[in-house]
Structure formats: C-alpha cells, structure tokens
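One structure is given here, and the rest of the page talks about it.
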There are 2 protein chains.
Amino acid sequence: MLPTIAREDDTVVMIDQRKLPAKEIYVRCKTAAEVARAIKTMVIRGAPAIGVAAAMGIALGARNSKTTGTQKLAAEFYTICELMASTRPTAVNLFWAIDRMKRSFAAAVEAGESVEQIKDRLDREANAIHDEDIASCRAMGAFGAAVVPHQARILTHCNAGALATAGYGTALGVIRAAVEAGKQVTVVADETRPFLQGARLTAWELVRDGIDTTVITDNMAGALMNQGQLDIVVVGADRIAANGDTANKIGTYTVAVLAREHNIPFYVAAPLSTIDLNALDGRQIPIEERNPREVSHLAGSQLTPDGAHIRNPAFDVTPHHLIAGIITERGICRAPYTESLKRVFETEVARLP
Amino acid sequence: MLPTIAREDDTVVMIDQRKLPAKEIYVRCKTAAEVARAIKTMVIRGAPAIGVAAAMGIALGARNSKTTGTQKLAAEFYTICELMASTRPTAVNLFWAIDRMKRSFAAAVEAGESVEQIKDRLDREANAIHDEDIASCRAMGAFGAAVVPHQARILTHCNAGALATAGYGTALGVIRAAVEAGKQVTVVADETRPFLQGARLTAWELVRDGIDTTVITDNMAGALMNQGQLDIVVVGADRIAANGDTANKIGTYTVAVLAREHNIPFYVAAPLSTIDLNALDGRQIPIEERNPREVSHLAGSQLTPDGAHIRNPAFDVTPHHLIAGIITERGICRAPYTESLKRVFETEVARLP
C-alpha cells in the first residue's frame, strides 16, 4: 500500500506529491500549521486525503498544546480548526473531517475528560478517519468493479487513487478491484493540466501496480472516444451536491460531455464524506481559483508571454444528468440522485457484494 | 507584421517557434534539407506556413544546384520534392505547395527555359505562394469578421495566426480583422498541449498586437462555456475533406463537441489550399502520430513515470456537422459542405465584402 500519509508520535508524514514521479520525498510536519501549509500547497491533495490530513493535523496541534486547562485547549483547538478550514474551499471532506474532530472534542468535554484524555481521543478519531477511509475505498472498489466490463479500456481524469486517499483510492480503487477480479482492464489517464496529477500521480501508482496505463494530454480524450478506444470513465469527486452535481478536478465536466456524446458510461467514485447534502446543486459549491503560475510556469520555465491573462479554476461541476452512477462505500447511487444520495446516508452499512 | 518566414538570396529565414515566447531566435536554412528538417522538427508549423516553407525550400534547393542540364536539374528537383513531402503527413498545404512548384517546373521545361530561367521561375512561384497566403489571410479576415459579434469573447485552439501562415493568420486573421473593425473582442486561448502553441504562440502574437488575451489549459474550455463566458469559437485547419470534415490540432474535436453542447458557433478559417477535395471525408485524412517525448517531457523535465505508455496524435478530425461555417478567402462556406466547398473552387475570386 502506498504511504500517502501517516501519523508518527509527534509528526504527520506525507509523501510530497509535487515531486512525484521524479522523486519520492517525505515531508514531516511537526505542527498543525505545517500540515495546513502542506494541504494549501498541495504536498497532499485529493478530497479524502485532505480530510485525513486535516484530522491528523488537528490531533497533532492539540497534542502539541502546552496548556493544562480544558478551556484554553478548546480555544487553541478551534483556532487550529479555523486554520485547517482556510486551506482549500472545494473538497468538502476537509470540512467533514474538521466537523468530526469538533464533535469528538465536544464529546470529550461533555464526558469531563482531562486534557490528556482529550488529546488521546482526538488522536484516536484522526486515526479512525484514516482507517475508515481505506475501508471505504475497498468497499467502493468492490461495488464499482461490478460495473467495469471485462477488458474495459477505462479513462480516468486527475488522480483519485491511493495518493488522493488514505490508500487504495476511489476511482483507482474501482480499477484496482476490477483488476483483482481478473478483468484485464487497461487505463488511459488524462495528464490533467495544470498540476499534472494524471501524468505524474495516476500513472505512477498504476505502473507500480503493474496495470497497463497510457498517458494522454487532456485534449486527446475526445479523439480516442470518437475512435471507439474507450469503454467507461471513472473519476473521483471533491464535492457532490444533494442533486448529484459533482465538483471534481477541472476538465472533468468536459470528459463527461464527451462521454455522453459517445454513449460511454461516466461514473463517479466517492465516499459519503464527499457528499454535501447542504449544497442543493452545483451552483452552491465554491470553486477554488488557484495561482496563475501553476498554468504559466512549469518546471521553472515560463510558458506564456508577459501580458497574457491566465485563468486557473481548480475544479468544475459536472451536472448530475451526465453521471451514470455514483459509487459509494454503501453501494452505487443512481438517478434520481436527490433520492438515492439521501437514502444512502440512511441505509445500514451494506455487506460487500 | 510578424516575420514568420522570409527568403533571402541563399537562405530561408524562419523564427524558431519552438523557442517562443522566451526567445526570438531566427533559424537560417542554407539548403532544402535544412528547410525540410525545420518543418519536421516544428521550427515552423501551421498548415499554410508549412506550404510556404516547402515552396521556398524547393526553390532554394533548385537554386543551390550545380548542374548545368535541365534533365539533371529535374532529377534533383523531384528528389527535393519527395524530401519535402516526407516531412509531415497531415497538413495538405504541404502537398498543395509541392504540386504548385512541380507544375511551375513543368511549365518552365515546356517553355524550353534554361536552368537559370527555371530557377528564377521557381523563386517567383515560391514568393507568389508566400504573398498570396498573406492576401488570402486578409480576405478570410474580412469575410470572417462579419460573423464575429461586437464584444465577442472568442475561443481559439492552437495557433492559426501570423506564425502559422506567411502573416496575419487564418483564425487569428479573423480576430485581427474584427479588432480592426472596432469590435472590441477578447480572446481565450487554449494552451494546446503538448506543444503549447496556444500558450506560447497565440498569446505572444495577440499580446504584441494589444488584443486582450487569456490563456487557459485545454480542459478549462468546457467549464467556461458552461458558465456562459464564451460566444464564438474560431480555429484553423490542417486539412478539410470534401464533405467538410476538418483535421486540425489535437483537441479541436473536443472544442467542437463542447461548442455544440453549449450552442456556441464553431467556425473554421482556412484558405482553399487547405481543402482537399480528393479526401471524401475525414477518414481519408492521415493523422500524424508524433514522438511521445513531446507529451512525457517538458522543458527538460520528465513528467510521466517510466513504464507508462504515451499517445501523441498531433491532430484530430472534427465532423462537418459540428461546423457552423468554413471561412475561406472567397467567402464563407456553409452546410451542405460537399456542395459549398466544391463551388468555392469554381467561383471567381470574390470581391471583399
């Protein structure tokens, strides 16, 4: 399993995803502020992984506190939560993880726990978020593999893999599970400009696992579909609204439009922590606009001339009507999503198929 | 006017388009072989510019011949033509220009001209191809500007500008003419991976001309259209089949599908030399697959991991039904293209509107 993120006693350790695949470097965060900075600068990225990192960062921040009183710890704790919440706006897993840590803190206070006990509880909660994320990915994989045809040629966009989660991956978890089920699939990975998560991260993960992977530039997917070279699309998500509208890495919407044009099923794989029932539709999902330098510069080289404007929205929204199904750890939600997404929260944890 | 390509006595001079916008370097070709290599390695690119370069390279090659007999000159001439024809397979302007040079040569032989007279005639023909290309771009601009709305937000893909022609440009010629007509347009340029013609060349040209230009990654166009931020698409072409199917830079097909999805008119601007009536439809247009390193490496940096496959088709085909009109130097062809494209060759050169 890829070591995306791990907690050691006084440290949160992450593989530096900005340096892959050229270098495998680990960043060791000693403070909550360092974890927040790692999220903001995309040392770690991917909605579920961001949630895990935030939880671990909050637990680490509480652990580092020198205070002896619960009141003062609470003040520090909420300041750290605010810091984490300010890192990236779109992936709702971030806010979901912060909320879980807040509920854990409140329960500890409610139970009259000591400062040390509260810190222990926060550590346990962060570790649970980490472990549950892997279990969710495995469950998504088991459900999702069922919709992947034998010998399918699968397109994916960005990286929704082990590196985007605590391990195994959402969309890539579905692919891994299909491979484990003997389906002999091949994968086409959009390079995913500007940050190149597909070329750098998805290809690296899948090649490591011995899965046949071809990298294309984002603008090639349409031509490949038109030539009948792709059978199914599986992507991850950063936030799914109550009606199924899905925010994911910029370019996902284009892939979904192309998939519909060519009658190719387009699936989203995401845990329940990515579903935001408070957002009624995609218009209520905030879209992060990142630094223009991510587009204008690459590997220290300036690509665009001075004087040209740059746009860099990090995500776009795919409307629900383009989505064949949303693969969760409790099963696959189908249209109408307003009903199926609500229901999936109410169901018992399903047995794996 | 940008100096894309020029003939000096014993030299064909081109601006090195691989180095823009960082450096303005001129490549001086002293032989036909050097011109052929410049075309193949994309020192110069863009269908009309490739045609002009091939013609100038052939004229230069004949000029360099030491032979004193017409027979031997003919042998050398046809060898040079074959060399030029082997450089790039998709842009039909290359073969059109070679054919014109061959007809010029045959006419000179027919007229009993001396070796020196033949060389002079070939020089004149190459210069005529150069000058006519600029005139064609101006005429396309005049026709095309009429379909560009006031204050239009125009999307273009790749570079169909002065750098892709002898000057002024096809798609960018339409934009320049719209600006000259006072239409206050703004331009969004797809960066156009892998060679980044949009980020590097289109943005450089337009910023030089003081035209408001925003560079986006290729995968952002869909999101911008969905947000109502684009009004019209204008692109160039590398080869247009008799039925209107249009080969152009990889990603053009995706833009056309997106434009249709959002009811945005999608125009192609290209001279008659880009129309290949011998190709009945897009399936008969050969698509060049270029070196994988153009995708896997950038600015000396390896983007993809070892072991990942790479695809690098340089072009795709946009089916005619997605095209609102084909802007030529004799007017705008509309569907059904099988009729309008045939007719446009038969019409007298139209007066500018």
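Yes/no matrix, rows are residues, columns are (1) assigned to a loop (DSSP other than H, G, I, E, B); (2) in contact with a Lys or Arg (Cβ under 6 Å, 6 or more places away or on another chain); (3) over 24 Å from A:A237 (Cα atoms):
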site: A:A6; (1), (2), (3): no, no, no
site: A:M14; (1), (2), (3): no, no, no
site: A:L20; (1), (2), (3): yes, yes, no
site: A:R45; (1), (2), (3): yes, no, no
site: A:G61; (1), (2), (3): no, no, yes
site: A:L73; (1), (2), (3): no, no, yes
site: A:T79; (1), (2), (3): no, no, yes
site: A:L83; (1), (2), (3): no, no, no
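Would you say A:R330 is over 26 Å from A:R138 (Cβ atoms) and over 17 Å from the mean Cα position of the chain (by Cα)?
Numbers: over 26 Å from A:R138 (Cβ atoms): no; over 17 Å from the mean Cα position of the chain (by Cα): yes.
Spelling it out, it is not the case that A:R330 is over 26 Å from A:R138 (Cβ atoms) and over 17 Å from the mean Cα position of the chain (by Cα).
With respect to A:A247, is the statement that it is surrounded by fewer than 21 Cβ atoms within 10 Å (Cβ to Cβ) and among the small types (G, A, S) true?
Numbers: surrounded by fewer than 21 Cβ atoms within 10 Å (Cβ to Cβ): no; among the small types (G, A, S): yes.
No: the conditions fail for A:A247.
Per-residue answers, yes or no, for (1) over 28 Å from A:H309 (Cα atoms); (2) modelled with pLDDT under 95; (3) not acidic (D, E):
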| residue | (1), (2), (3) |
| --- | --- |
| B:A107 | yes, no, yes |
| B:D120 | yes, no, no |
| B:R138 | no, no, yes |
| B:H150 | no, no, yes |
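Sort out which residues of segment B:203-226 are of a type in the set (V, I, T) and within 7 Å of another protein chain (Cβ to nearest Cβ), and write them in order of number.
Listed by number, the residues that qualify are B:V207, B:T213, B:T214, B:V215, B:I216, B:T217.
Would you mention how many residues in segment B:237-276 are hydrophobic (A, V, I, L, M, F, W, C), farther than 14 Å from B:G325 by Cβ and under 14 Å from the mean Cα position of the chain (by Cα)?
Of the residues in that region, 3 qualify.
When segment B:19-48 is examined, which residues are found to be within 14 Å of chain A (Cβ to nearest Cβ) and either within 17 Å of B:L83 (Cα to Cα) or crowded, with 17+ Cβ neighbours inside 10 Å (or both)?
Filtering segment B:19-48 down to residues within 14 Å of chain A (Cβ to nearest Cβ) leaves B:19-24.
Within segment B:19-48, B:L20, B:P21 meet the criteria.
Answer with yes or no whether A:G169 is at pLDDT 95 or above, surrounded by 24 or more Cβ atoms within 10 Å (Cβ to Cβ) and in a helix (DSSP H, G or I).
So A:G169 does not fit the description; no.
Which of the numbered conditions does A:V147 fail, given that it passes all the others? Conditions: (1) within 19 Å of B:P194 (Cβ to Cβ); (2) surrounded by fewer than 24 Cβ atoms within 10 Å (Cβ to Cβ); (3) not acidic (D, E).
Of the numbered conditions (1) within 19 Å of B:P194 (Cβ to Cβ); (2) surrounded by fewer than 24 Cβ atoms within 10 Å (Cβ to Cβ); (3) not acidic (D, E), the odd one out for A:V147 is (1).
Would you please name the residue that is nearest to B:L258 (Cα to Cα), looking only at residues in segment A:238-279 that are of a type in the set (D, E, K, R) and within 11 Å of chain B (Cβ to nearest Cβ)?
A:E261
Pick out the one residue from B:V215, B:V174 that is among the β-branched types (V, I, T) and under 25 Å from B:D131 (Cα atoms).
B:V174 is the lone residue from the list that is among the β-branched types (V, I, T) and under 25 Å from B:D131 (Cα atoms).
Could you list all residues from segment A:257-296 that are free of Cβ contacts under 8 Å to residues at least 12 places away in the same chain and crowded, with 16+ Cβ neighbours inside 10 Å?
None - no residue of segment A:257-296 is free of Cβ contacts under 8 Å to residues at least 12 places away in the same chain and crowded, with 16+ Cβ neighbours inside 10 Å, so the list stays empty.
Restricting segment A:150-166 to residues that are polar (S, T, N, Q) and assigned to a loop (DSSP other than H, G, I, E, B), which is nearest to A:D316 (Cα to Cα)?
Taking segment A:150-166 and keeping what is polar (S, T, N, Q), we get A:151, A:156, A:159, A:165.
Subsequent filtering for residues that are assigned to a loop (DSSP other than H, G, I, E, B) retains A:151, A:159, A:165.
Working: A:Q151: 30, A:N159: 15, A:T165: 20 Å.
Here the residue is A:N159.
Name the residue that is nearest to B:G169 (Cα to Cα), counting only residues in segment B:197-224 that are crowded, with 24+ Cβ neighbours inside 10 Å and out of contact with any strand residue (DSSP E or B) (no Cβ under 8 Å at 6 or more places or on another chain).
Initial filter on segment B:197-224 (crowded, with 24+ Cβ neighbours inside 10 Å): B:197-206, B:213, B:215-222.
Retained after the next criterion (residues that are out of contact with any strand residue (DSSP E or B) (no Cβ under 8 Å at 6 or more places or on another chain)): B:200-201, B:204-205.
Working: B:R200: 16, B:L201: 12, B:W204: 13, B:E205: 10 Å.
For segment B:197-224, the residue satisfying everything is B:E205.
Among the residues of segment A:55-63, is there at least one that is at pLDDT 95 or above and over 22 Å from A:R103 (Cα atoms)?
no
If I ask for residues that are more than 24 Å from the chain's Cα centre (by Cα) and either surrounded by 21 or more Cβ atoms within 10 Å (Cβ to Cβ) or under 15 Å from A:E125 (Cβ atoms) (or both), which ones from segment A:74-110 would you list?
Within segment A:74-110, A:F77, A:F105, A:A106, A:A107, A:A108, A:V109, A:E110 meet the criteria.
For segment B:120-149, give me each residue that is touching a helix residue (DSSP H, G or I) at 6+ places or on another chain (Cβ under 6 Å) and not in a helix (DSSP H, G or I).
Within segment B:120-149, just B:V148 meets the criteria.
With a cut-off of at least 2 residues that are over 22 Å from A:E339 (Cα atoms), name the strands (runs of 3 or more DSSP E) lying wholly within segment A:213-265. Please lay out each step first, then the result.
Values: elements: A:213-216, A:232-235, A:239-241, A:246-249.
Counting at least 2 such residues, we get A:213-216, A:232-235.
Kindly list the number of the only condition in (1) in contact with a Lys or Arg (Cβ under 9 Å, 6 or more places away or on another chain); (2) over 19 Å from B:E132 (Cα atoms); (3) assigned to a helix (DSSP H, G or I) that fails for B:G51.
All conditions pass for B:G51, except number (2).
State whether the residues of segment B:215-230 include one that is at positive phi, modelled with pLDDT of 95 or more and of a type in the set (G, A, S).
yes
Any chance segment B:190-199 includes a residue that's at positive phi, of a type outside the set (V, I, T) and modelled with pLDDT of 95 or more?
Start the filter on segment B:190-199 by keeping residues that are at positive phi, which leaves B:192, B:196.
Right, trim to of a type outside the set (V, I, T) and you get B:196.
Keeping just the survivors that are modelled with pLDDT of 95 or more gives B:196.
Yes, because at least one residue in segment B:190-199 is at positive phi, of a type outside the set (V, I, T) and modelled with pLDDT of 95 or more.
If the requirement is being among the charged types (D, E, K, R), touching a residue at least 24 places away in the same chain (Cβ under 8 Å), assigned to a loop (DSSP other than H, G, I, E, B) and within 14 Å of chain A (Cβ to nearest Cβ), which of these qualifies: B:R200, B:R193?
B:R193
Could you list, in sequence order, the residues of segment A:218-237 that are out of contact with any helix residue (DSSP H, G or I) (no Cβ under 7 Å at 6 or more places or on another chain) and within 15 Å of B:V257 (Cα to Cα)?
A:M220, A:L224, A:Q227 - these are the residues of segment A:218-237 that are out of contact with any helix residue (DSSP H, G or I) (no Cβ under 7 Å at 6 or more places or on another chain) and within 15 Å of B:V257 (Cα to Cα).
Go through segment B:280-324 and give me each residue that's of a type in the set (A, V, I, L, M, F, W, C), part of a loop (DSSP other than H, G, I, E, B) and within 11 Å of another protein chain (Cβ to nearest Cβ). Reasoning before the result, please.
Narrowing segment B:280-324 to residues of a type in the set (A, V, I, L, M, F, W, C): B:280, B:285, B:287, B:295, B:298-299, B:303, B:308, B:310, B:314-315, B:317, B:322-324.
Among the residues that remain, those that are also part of a loop (DSSP other than H, G, I, E, B) are: B:280, B:285, B:287, B:299, B:303, B:308, B:314, B:323-324.
Answer for segment B:280-324, where residues must be of a type in the set (A, V, I, L, M, F, W, C), part of a loop (DSSP other than H, G, I, E, B) and within 11 Å of another protein chain (Cβ to nearest Cβ): B:I287, B:A299, B:L303, B:A308, B:A314.
Let me confirm something: among A:I323, A:I310, which residue is crowded, with 20+ Cβ neighbours inside 10 Å and in contact with a Phe, Trp or Tyr (Cβ under 7 Å, 6 or more places away or on another chain)? First the steps, then the outcome.
Details: A:I310 fails: in contact with a Phe, Trp or Tyr (Cβ under 7 Å, 6 or more places away or on another chain).
Matching residue, one of A:I323, A:I310: A:I323.
Tally the residues that are within 17 Å of the chain's Cα centre (by Cα) and touching a residue at least 60 places away in the same chain (Cβ under 8 Å), restricting the search to segment B:21-43.
The total comes to 1.
The values are calculated or read from the model by the stated rules, or taken from the named source; none is laboratory data. Model, not experiment: these values are computed from the prediction. Glycine also receives a Cβ, built like all others from the backbone with ideal geometry; neighbour counts cover every protein chain displayed.
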